[in-house]
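Let me begin by presenting the structure, written as structure tokens, before commenting on it.
The values are calculated or read from the model by the stated rules, or taken from the named source; none is laboratory data. What you are looking at is a predicted structure, and each value in this text was computed from that prediction instead of being measured. All Cβ positions, even for glycine, are placed from backbone atoms using ideal geometry, and neighbour counts span all protein chains on display.
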Amino acid sequence: MTRTESNDNGAFMGSKGIRRSHQKSRGGCSFCKRRRIKCDERKPSCTNCVKRSLWCSLNTTPSPASTPEHAAQATTVFEPLPGNQATEEFDESAFTLVVQDLQLFHHFCSITSTTFGPTPHVQQFWSITVAQMSFSHPFLLRAILAIGGLHMNHLRQTSSEASGWYKTKATAHWQAAVRLATPRLAAIDAESCDPLFIFAMLSCLQTFALGPQPGNFLLFTDDSGMEWPIFFRGLRTVAEASVLFGMTEPARPLAFMYGIAKLNLETLPRDEPVTSWGTALRNLRQIMMNEVSGEEERAVYQDALYRLRAGFAAVFGDSDTVRGANSQVVFAWLYHVSEDFVGRLQARQNLALVFFAYFAVLIKQIDGVWMIKGWPDHLIAGIYHTLVPATRLWIRWPMERIGWFPPP
């Protein structure tokens with residue numbers, strides 16, 4: 001799928017690392033031997049190689065681009081561009097890239113970027129603008145490498161190259177990206193606002209790109225340490241900061257990427273159209289009216305329903321045919337819904353789960369995108385099995401639209 005990358009990576013970014021020769025140690029991988037450092041000999045890659053994003057000679061599966069020995073020798077040191085004042089603090093003195101990392105970067109720019117939107121404008125934003133921005137923000141570069149690795153792993157799952165190497169590399173890069181970005185999310189400024197917003201978007205995509213995981217249903221999960229809810233809600237934090245810094249001014253070339261924050265509810269018709277989704281939302285409103293008695297509780301669900309109707313109107317219009325499904329439109333409901341509602345969903349309240357099932361119908365409209373495949377079925381199955389049995393009939397319409405039914 002990708003063009004062959006050049007082995008001459010010295011001219012890419014930074015200068016080619018010149019290594020002094022060392023007497024080899026008796027045990028460990030080839031990298032640890034040359035550096036005369038202790039190797040824990042973990043397979044497929046030792047800890048030292050994983051930390052430095054190196055191909056480890058302990059991995060018995062040949063690299064798709066070169067042998068392990070060659071990959072360990074052909075390294076490039078990443079240095080921030082001149083003038084970048086935000087020096088990245090990390091547990092390494094330098095960020096070391098190998099030829100295979102350049103392969104991930106090239107794949108992201110030339111292939112993965114084309115899957116983020118149908119228009120050349122969006123594709124060029126990811127392949128050129130974001131790529132250039134990552135040179136000054138290593139947390140963004142690491143995130144790009146991670147997404148590129150996950151996409152390559154996805155494309156090669158049925159080929160002889162499906163050794164897990166791409167996923168291993170992607171995991172290492174993503175862990176580094178999170179460590180670098182997390183402290184900056186607590187101190188957003190005008191310089192970091194754009195790259196942090198892009199990172200928050202990539203963090204959401206990374207969870208989807210990993211594929212459905214048992215017990216993980218995005219906003220309710222068996223793992224209390226899941227990062228996805230934190231980073232997705234972080235989109236709102238960065239977007240709110242962007243207004244203060246003037247990042248959303250129409251004259252700015254990058255203002256369009258904050259579009260998820262601009263869902264206009266005022267243009268909605270007063271009543272749902274005569275469509276299957278309009279009828280389904282009217283039924284959902286009736287369920288809400290029957291089940292919720294308190295004014296405060298009802299206000300939470302009415303707001304969520306109003307925003308859900310906006311999402312369906314944006315995707316389907318006044319028919320049952322998809323007219324404008326893209327990730328910003330689909331995920332706008334989850335972006336705008338209140339924290340009070342999210343809390344009820346995380347507490348697995350039945351009515352909140354039913355609303356989430358309707359949202360899964362919107363996700364289904366973009367499941368042609370590689371990273372979304374399998375997620376609508378996974379979400380509706382998790383919702384079905386979490387609901388009290390007597391309330392499962394409430395999600396009959398979402399189940400039919402998604403095409404998932406419980407096994408007999």
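Only one of L218, L196, L180, L202 is in a helix (DSSP H, G or I) and within 12 Å of the chain's Cα centre (by Cα). Can you tell me which?
Details: L218 fails: in a helix (DSSP H, G or I); L196 fails: within 12 Å of the chain's Cα centre (by Cα); L180 fails: within 12 Å of the chain's Cα centre (by Cα).
Of the residues listed, the single one that is in a helix (DSSP H, G or I) and within 12 Å of the chain's Cα centre (by Cα) is L202.
Only residues that are of a type in the set (S, T, N, Q) and closer than 19 Å to N350 by Cβ: list them for segment 274-324, please.
Answer for segment 274-324, where residues must be of a type in the set (S, T, N, Q) and closer than 19 Å to N350 by Cβ: N283, Q286, N290, S293, Q302.
Could you give every pair whose Cβ atoms fall below 9 Å, whose first residue belongs to segment 342-365 and is assigned by TED's automatic domain parsing to the domain that holds L387 and over 15 Å from I287 (Cβ atoms), and whose second residue is of a type in the set (K, R) and at pLDDT below 95, counting only separations of at least 6 or pairs across chains?
Final answer for the pair search is V342/R233.
Scan segment 287-301 and report the pairs whose first residue is aromatic (F, W, Y) and whose second residue is in a helix (DSSP H, G or I), with Cβ atoms within less than 7 Å and a gap of 6+ or a chain change.
Close Cβ pairs (under 7 Å, with a partner that is in a helix (DSSP H, G or I)) amount to Y301/M288; Y301/L351.
T114 - would you say it is surrounded by fewer than 17 Cβ atoms within 10 Å (Cβ to Cβ), of a type outside the set (K, R) and over 16 Å from L205 (Cβ atoms)?
No, not satisfied.
Residues that are touching a strand residue (DSSP E or B) at 6+ places or on another chain (Cβ under 8 Å), charged (D, E, K, R) and either free of Cβ contacts under 8 Å to residues at least 24 places away in the same chain or not in a loop (DSSP other than H, G, I, E, B) (or both): does segment 230-237 have at least one? So that I can check it myself, show each step before the final result.
Keep residues of segment 230-237 that are touching a strand residue (DSSP E or B) at 6+ places or on another chain (Cβ under 8 Å), which gives none.
No, because not a single residue in segment 230-237 is touching a strand residue (DSSP E or B) at 6+ places or on another chain (Cβ under 8 Å), charged (D, E, K, R) and either free of Cβ contacts under 8 Å to residues at least 24 places away in the same chain or not in a loop (DSSP other than H, G, I, E, B) (or both).
Within segment 110-153, how many residues turn out to be over 21 Å from S192 (Cα atoms) and under 16 Å from the mean Cα position of the chain (by Cα)?
Going through segment 110-153 one residue at a time, the tally reaches 12.
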